[in-house]
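Asks: Shown below is the structure under consideration.
The values are calculated or read from the model by the stated rules, or taken from the named source; none is laboratory data. Predicted model only: the values in this text are computed from it and were never measured. Cβ: placed from backbone, ideal geometry, glycine included. Neighbour counts: every protein chain shown. Just the protein is used for accessible areas: all its heavy atoms, side chains included, with ligands, DNA and RNA removed. Shrake-Rupley method; radii C 1.70, N 1.55, O 1.52, S 1.80 Å.
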Amino acid sequence: MWVYFPVNRLLRALAGLALAWIVPVLAHLVHADVIVLVLLWLGTASLLRIGGTLVDRLVPALAVLAAGVMVFGLVTTVWPWGLAAIPVGGTTLSVLVLVAAVTGRTPRLPRRVLGSDLALLGGGLFAAAVMALPAMRAKGFGDLAYVLAGGDRIRHANLFDAIVRLGGYPSMLPADGSVEPAMLRQYPAGVHYFYAFIDSIVTGGRHGSIFAELDRYWIYAVFGYTMFTVAVAWAARYVAGPQIAGPRRAFLVVAVTAFLSTGYYTVMIWSGYDAQIFSFVILAVLVAVLARAPRSATEWFVAIGLLSVGITFTYTLFVPLAAVGVLAALVTGWGRVKRHWKAAVACAVVFGGIALVQPVVWLVKDFKTDTQLQATGFIQPVPTLLLFGLSAVAGVGMWGVLRRSPRLKVLLAMCAAGWAMTAVMYLYTTATMGSPTYYYHKMPQMLLVLLVIAAAPALAKIRFRWRRPRVAAVALAVAAVLLVGAVPIAKTRYNAAKHLLGSDTSWGQVWASGRIHSGMAAAFAYLDGRGLLTDGVPSVLLYTDSGVQNKQASLVMSMLNRNMGLVADNAYGVKGDDIVGTHAPLTEDSATVKYFTQVTLRQAKAPLRVITNDADVARYVGDFAAANSSLGITVLLLPDLPVSGKPAKDW
């Protein structure tokens, strides 16, 4: 079957394709490649028809663009140019031109803006400031103490770095020893690829040192949290609809952005949950698009397909929730689906096939689902009262209007699914592990995001005639900030050992004050001063009686040396709780010492260098190395290597 284009449209398409390549070339020549990113975002927004305001286009456009870029990663993984700025920019801009040509849509952006858009923008900027403040104030290597405060970010930054260098998904490429094997086996790399895509264009391929790259990754992580704040607030506003126009809309946006900027979710930035944070951006937009569909059925199907793939490529644990939401939306809009069944089937086949890529990777890499779900680790639990309270508010919003509202039916189905997933994971982990484990707590985190959005329509129940709407909007915005506890009203009180907040203290307040950080900054400044930090030698550090800090420091050093794939398994064996600082000869009577020698040293994938500040450790490892010379172990004793310390500040 031939498809005929009007001559004018064909000429415009050819001109657009030419510009799609000319612009990246010229931008690269003048070191202004970032223009390509702006054009991609605005171009995507100009082709969407979701909502009627500028922000209603820009927010979902970012999520759709991110998901599309993740799919594009399958291409750059196999083509010869990797993430080179010009091929990447030219190809992606060409895709937008072709979409416009095939659909016949003229790129355009609405001019309409709402007063609450200022609150969205301000809330996003405030979130960015809260997240970035501690590292911005740090001096020298002090920023690493905040950027790498949680172990997860070490692994995320490592995966990001590998994608920047390899140009595609590392799990689909030959292993080069730079990435922790567990990350290749079990972690979707969609967010990491999206950030690497941004980095390739921002830098134009001029990436600089590993430290410069790490600084940029931190910026992208802060950007991800900023967009999380904006996307959830936007989704809540969009789902609530025009029924809450005026002061109630201002109250909603300010309340949500203030809560996300200073409340519970700020623990995710220092915990290093970067992929999960951005998955919430895609999930929030997906919820909004499912609840309030755009006029074009094909656009709806494509948006649902891309966003669902985005969930699969970022945080696969949330796929069941997305699937329930998609099913509920298709059922409530069944008449529309039947009228456009060909487009629906085509999108299901195409995007369903792409989404299967991640399970195929798991199959090839021998991923163990039960082992992963039973994993343990530190995680701050969601306050249970928030879940029940917001569920009650969402119920009030649905009461009496649910039967005639497809939008609320979709929200109800997703909330029920969220609660069911939480309950099932609780029962599974308690049955297999005796108590809720790490991944159980991911369920309430997901559920809370969903409930924040689902509770928004309840504001339509509040009917009041505002004599001075602008004054009322300001007053309600102030009330929202106070209600969610975003304004510090007392001195910061925080028990770091038990991770407990004091009265009238928020998590955002604790993070912004610099109370949460790792103790590695002084040690890394010392090592860098002696040229040891990025010399490429596989190393483990055994310099403190904190096993967690020894492990984290060893992982960071392997990440900076780009040999985490060789060192990671050994780093997890560097506990040191009863090795460092004993002031006595070490013997294998100690279980920790025995594990260290038999696992960390003897089973190393490459000759290891053990760096320590403890003479007894150096003597013991030296004797072991001499007796097992075939292992190639070396020991470096640095008596002055600092153990810990609070990062110094510039201001």
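Asks: Go through (1) farther than 29 Å from Ala157 by Cα; (2) at pLDDT 85 or above for Thr582 and report which single condition fails.
Replies: (2)
Asks: Can you name the residue in the range 337-370 that is basic (Lys, Arg) and exposed (fewer than 13 other Cβ atoms within 10 Å of the Cβ) and is also farthest from Tyr438 (Cα to Cα) among such residues?
Replies: Arg339
Asks: If you don't mind, another one. Tell me, which helices (runs of 4 or more DSSP H) lie completely within the range 113-197 with 2 or more residues that are in contact with a Gly (Cβ under 6 Å, 6 or more places away or on another chain)?
Replies: Per the criteria, 115-137, 151-166.
Asks: How many residues are at pLDDT below 90 and in a helix (DSSP H, G or I) if we restrict to the range 625-651?
Replies: 0
Asks: Confirm whether Gly241 is more than 28 Å from Gly122 (Cβ to Cβ) and open to solvent by less than 20 Å² (accessible area, probe 1.4 Å).
Replies: no
Asks: Further question on the same structure: State which residue is nearest to Gly16 (Cα to Cα) when the search covers only the range 101-112 and only residues that are touching a residue at least 12 places away in the same chain (Cβ under 8 Å) and assigned to a loop (DSSP other than H, G, I, E, B).
Replies: In this case the residue turns out to be Pro107.
Asks: While we're on this one: What's the number of the only condition in (1) of a type in the set (Gly, Ala, Ser); (2) part of a helix (DSSP H, G or I); (3) open to solvent by less than 30 Å² (accessible area, probe 1.4 Å) that Ala522 fails to meet?
Replies: (3)
Asks: On to the next question. Test Leu373 against the stated conditions and say whether it is in contact (Cβ under 8 Å) with a residue 40 or more places away in the chain, open to solvent by less than 40 Å² (accessible area, probe 1.4 Å) and more than 20 Å from the chain's Cα centre (by Cα).
Replies: no
Asks: Within the range 150-177, work out how many residues are open to solvent by less than 20 Å² (accessible area, probe 1.4 Å) and at pLDDT 90 or above.
Replies: 15
Asks: Exactly one of these conditions fails for Val510: (1) in a helix (DSSP H, G or I); (2) closer than 27 Å to Leu638 by Cβ. Give me its number.
Replies: (2)
Asks: Is it the case that Ala275 is part of a helix (DSSP H, G or I) and open to solvent by less than 10 Å² (accessible area, probe 1.4 Å)?
Replies: yes
Asks: In the range 469-482, is there at least one residue being closer than 30 Å to Thr376 by Cβ and basic (Lys, Arg)?
Replies: Within the range 469-482, not a single residue is closer than 30 Å to Thr376 by Cβ and basic (Lys, Arg).
Asks: May I pose another question? Consider only pairs whose beta carbons are under 6 Å apart and that are at least six residues apart or on different chains; among these, list those whose first residue lies in the range 324-341 and is touching a residue at least 40 places away in the same chain (Cβ under 8 Å) and whose second residue is in a helix (DSSP H, G or I) and open to solvent by 40 Å² or more (accessible area, probe 1.4 Å).
Replies: Thr332/Pro406; Thr332/Lys409; Val337/Leu330
Asks: Right, next: What are the residues in the range 525-556 that are in a loop (DSSP other than H, G, I, E, B), under 30 Å from the mean Cα position of the chain (by Cα) and among the hydroxyl-bearing types (Ser, Thr, Tyr), if any?
Replies: Thr534, Ser546
Asks: Also: Restricting to the range 23-37, count the residues that are of a type in the set (A, V, I, L, M, F, W, C) and in a loop (DSSP other than H, G, I, E, B).
Replies: Of the residues in the range 23-37, 2 are of a type in the set (A, V, I, L, M, F, W, C) and in a loop (DSSP other than H, G, I, E, B).
Asks: Is it the case that some residue within the range 82-90 is part of a helix (DSSP H, G or I), over 25 Å from Leu560 (Cα atoms), out of contact with any Phe, Trp or Tyr (no Cβ under 6 Å at 6 or more places or on another chain) and open to solvent by 40 Å² or more (accessible area, probe 1.4 Å)?
Replies: Within the range 82-90, one or more residues are part of a helix (DSSP H, G or I), over 25 Å from Leu560 (Cα atoms), out of contact with any Phe, Trp or Tyr (no Cβ under 6 Å at 6 or more places or on another chain) and open to solvent by 40 Å² or more (accessible area, probe 1.4 Å).
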